[in-house]
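The values are calculated or read from the model by the stated rules, or taken from the named source; none is laboratory data. Given the structure is predicted, the values throughout are model-derived calculations rather than measurements. Cβ placement follows ideal geometry from the backbone for every residue including glycine, while neighbour counts extend to all protein chains displayed.
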């Protein structure tokens with residue numbers, strides 16, 4: 001996905017959703033591109049990244065493949081027993097898709113933060129058929 005304008009409408013709506021779950025602390029723009037805000041709930045601190053999609057995609061796997069770069073960035077945030085990482089995507093019609101980015105799994109979530117059944121993928125999603133293979137990275141120590 002190409003970088004575009006900030007998801008201002010999606011962020012505004014995401015804050016409203018997040019405030020139902022706990023206290024929200026926005027992150028100053030430019031300080032960190034890994035997440036947009038931190039959600040403090042009773043038992044968890046959640047780092048949330050919000051994106052918008054320009055198409056009506058409802059397949060969770062396709063959404064995750066389209067935002068692989070953002071998910072990799074979000075996955076860099078260290079986890080401990082009380083931290084979580086969530087990725088939220090807003091469609092043009094205002095529907096949100098919520099994902100929990102675990103240490104080695106991606107799970108679907110409800111708006112209230114509860115885990116959905118049936119949406120569970122390994123953190124490294126398989127590439128769609130016909131996608132060009134990325135060149136292997138060269139080890140600088142060998143060169």
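In the set (1) surrounded by 14 or more Cβ atoms within 10 Å (Cβ to Cβ); (2) in contact with a helix residue (DSSP H, G or I) (Cβ under 8 Å, 6 or more places away or on another chain); (3) modelled with pLDDT of 90 or more, the condition left unmet by residue 94 is number (1). Scanning region 31-70 for residues that are within 13 Å of residue 97 (Cβ to Cβ), touching a helix residue (DSSP H, G or I) at 6+ places or on another chain (Cβ under 8 Å) and not in a strand (DSSP E or B) gives 53, 57, 64.
Scan region 74-85 and tell me whether some residue there is crowded, with 16+ Cβ neighbours inside 10 Å and either more than 22 Å from residue 114 (Cα to Cα) or in contact (Cβ under 8 Å) with a residue 60 or more places away in the chain (or both). No - not one qualifying residue is present in region 74-85.
Are any of the residues in region 103-120 within 22 Å of residue 5 (Cβ to Cβ), at pLDDT 90 or above and outside any loop (DSSP other than H, G, I, E, B)?
So far as region 103-120 goes, no, none of its residues is within 22 Å of residue 5 (Cβ to Cβ), at pLDDT 90 or above and outside any loop (DSSP other than H, G, I, E, B).
I want to confirm something. Restricting to region 71-90 and keeping residues that are within 11 Å of the chain's Cα centre (by Cα) and outside any strand (DSSP E or B), which single residue is nearest to residue 55 (Cα to Cα)? Step by step, filter region 71-90, then rank; the result is 71.
Taken together, the residues in region 98-126 that are touching a residue at least 40 places away in the same chain (Cβ under 8 Å) and either over 20 Å from residue 13 (Cα atoms) or surrounded by 11 or more Cβ atoms within 10 Å (Cβ to Cβ) (or both) amount to 8.
Among the residues of region 91-127, those identified as under 18 Å from residue 43 (Cβ atoms) and more than 15 Å from the chain's Cα centre (by Cα) are 112, 114.
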